[in-house]
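Here the structure is laid out as structure tokens; the discussion comes afterwards.
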Amino acid sequence: MQAGREDLDAQPLDVGTILETLRAHVREQRLAQGRAMPSPLERDLLRSLDEIELYRVVSAHWPLLGATLSQRVLALINKLVRRYLRWYINPIVEQQNAYNDAVARTLRLLAEAYGDLTEQLHTAAQPDAPEPLEPRTPGPEPAVDAPRQPQSPVDQAADTVALMALVRTRAAVEPPARFPDLELRALEPQLRLRQAVSAHWPLPATTLPQHAVTLVNKLVRRYLRWYINPIIEQQNAANAAFLGALTRLITLDAARRAIIARYRAHRH
């Protein structure tokens, strides 16, 4: 029994198969409940959320291997350096992971909120049952309005002035119109511009001592590439997954607003 459990633990988990099984189970439940199937935009968003789960955790520790004796000695030195710098690097990574987890949970809640909104739109779009007609009781016939006399040009001008005054009065107290969908679209280029994190930036220097310090800093930075660059690459992968989910959420928001606009136009 113990050997069978060890063999089971030794087998690698196929995350893709597990996620596909969960999606199939969710599809079966939605069909059983008569709910609307997710649209292509929603499926793309779900795939983006799954991608976030793969990249949101940043690690500062990974295997340092070596094939030759010199590579093993260098790996041992790097391990000692990494162990010494834990006080400096690990809190940064932990803070970044906490932020990544908060962003991932927020995006998943937003996706669930849009899914709930889709269900409400699907329910509201169903044709309502006709209301039963009440028996009409006989009563007096409604009075016929007398034909209205045409207004004179002076009265028409006065009514127009009064109407414009009323419009200006109400417009003065109306809150400013906002278009969050346009604001979201305007944020996309900024998200793409700030997506990539870099560990290499210019180190300017003007005087001779500054040049000496800059040279030392560049040598230290070049040496620590084996330690810092993988962290940066992991965070950039997480940022790319976040950007993909945000972009699909923005697209889904625009699609839902279009559906609501068509629904309101149909009802009115």
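Check every one of the helices (runs of 4 or more DSSP H) wholly within the stretch 1-74 and list those with 3 or more residues that are under 30 Å from TYR88 (Cα atoms), among the hydrophobic types (A, V, I, L, M, F, W, C) and at pLDDT below 55. Lay out the reasoning, then the answer.
Values: elements: 2-10, 15-32, 40-55.
Hits in the stretch 1-74: none.
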Just to be sure, is ARG108 exposed (fewer than 12 other Cβ atoms within 10 Å of the Cβ), assigned to a helix (DSSP H, G or I) and out of contact with any Lys or Arg (no Cβ under 7 Å at 6 or more places or on another chain)?
no
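Which is of a type outside the set (Ser, Thr, Tyr) and without any contact (Cβ under 8 Å) to a residue 24 or more places away in the chain, of ALA245, ALA196, ALA258?
Result: ALA258 is the single residue among ALA245, ALA196, ALA258 that is of a type outside the set (Ser, Thr, Tyr) and without any contact (Cβ under 8 Å) to a residue 24 or more places away in the chain.
Criterion first (assigned to a helix (DSSP H, G or I) and in contact with a Leu (Cβ under 6 Å, 6 or more places away or on another chain)) does ILE250 satisfy it? Steps first, please.
On the way: assigned to a helix (DSSP H, G or I): yes; in contact with a Leu (Cβ under 6 Å, 6 or more places away or on another chain): yes.
Spelling it out, ILE250 is indeed assigned to a helix (DSSP H, G or I) and in contact with a Leu (Cβ under 6 Å, 6 or more places away or on another chain).
Hey, among the residues in the stretch 93-105 that are over 16 Å from LEU54 (Cα atoms) and without any contact (Cβ under 8 Å) to a residue 12 or more places away in the chain, which one's surrounded by the most Cβ atoms within 10 Å (Cβ to Cβ)?
GLU94
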When every residue in the stretch 178-198 that is over 29 Å from ILE228 (Cβ atoms) and assigned to a loop (DSSP other than H, G, I, E, B) is compared, the one modelled with the lowest pLDDT is ARG178
Which condition number in (1) free of Cβ contacts under 8 Å to residues at least 60 places away in the same chain; (2) touching an Asp or Glu at 6+ places or on another chain (Cβ under 7 Å) is the one that HIS61 fails?
(2)
Among the residues in the stretch 246-255, are any more than 18 Å from ALA111 (Cβ to Cβ) and within 26 Å of the chain's Cα centre (by Cα)?
no
Give all pairs with beta carbons closer than 7 Å in which a residue from the stretch 67-90 that is among the hydrophobic types (A, V, I, L, M, F, W, C) meets a residue that is surrounded by 12 or more Cβ atoms within 10 Å (Cβ to Cβ); count only pairs at least 6 apart in sequence or on separate chains.
LEU74/GLY66; ALA75/LEU64; ALA75/GLY66; ILE89/ALA60
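Can you tell me which residues in the stretch 199-224 are part of a helix (DSSP H, G or I) and either in contact with a strand residue (DSSP E or B) (Cβ under 7 Å, 6 or more places away or on another chain) or in contact (Cβ under 8 Å) with a residue 12 or more places away in the chain (or both)?
Keep residues of the stretch 199-224 that are part of a helix (DSSP H, G or I), which gives 208-223.
Once the filter is applied, which keeps residues that are part of a helix (DSSP H, G or I) and either in contact with a strand residue (DSSP E or B) (Cβ under 7 Å, 6 or more places away or on another chain) or in contact (Cβ under 8 Å) with a residue 12 or more places away in the chain (or both), the stretch 199-224 yields ASN217, LYS218, ARG221.
The values are calculated or read from the model by the stated rules, or taken from the named source; none is laboratory data. Source: prediction; values computed, not measured. Virtual Cβ from ideal backbone geometry, glycine too; neighbours counted across all protein chains shown.
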